[in-house]
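Taken together, the values in this text are just the output of simple stated rules run on the coordinates, not laboratory data. This one's a predicted model, so the numbers in the text were calculated from it and none came from an experiment. Neighbour counts are summed over all protein chains in view; Cβ atoms, including those assigned to glycine, are modelled from backbone coordinates with ideal geometry.
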Amino acid sequence: MARGFESKNVEFQQEEAQRGRTVKPALTPEEKARAEQRQRLELARARASDDLSRAKVAAHRRMLEQAIAALDAELDKLS
């Protein structure tokens with residue numbers, strides 16, 4: 001009996017996964033490159049921000065603040 005319940009649960013999960021998928025329009029190579037670049041910049045900004053939150057030395061903090069400002073400028077260009 002437990003085996004039947006498990007297979008129903010798996011079937012339910014598969015149906016939910018199918019339902020959750022949305023069909024996205026295919027991206028052009030330029031759009032894909034732009035999205036990848038945006039993701040790289042956002043990850044770099046998140047890391048710099050995290051590093052800034054832990055930085056103790058004033059010079060290091062200034063460097064990170066400048067890096068975040070430069071990354072923000074690059075992100076603005078992509079928008």
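In Å, what is the Rg of the alpha-carbon atoms in the range 29-79, and how long is Dmax?
12.6, 42
Calculated FRET efficiency, residue 13 and residue 77, Cβ-Cβ r, R0 35 Å, to nearest 0.05? Walk me through the intermediate numbers first.
Values: r = 42 Å, r/R0 = 1.20.
It comes out at approximately 0.25.
Just to verify a number: FRET efficiency for residue 27 and residue 56, C-beta to C-beta distance, R0 = 30 Å, to 0.05?
So, using R0 = 30 Å, E works out to roughly 0.10.
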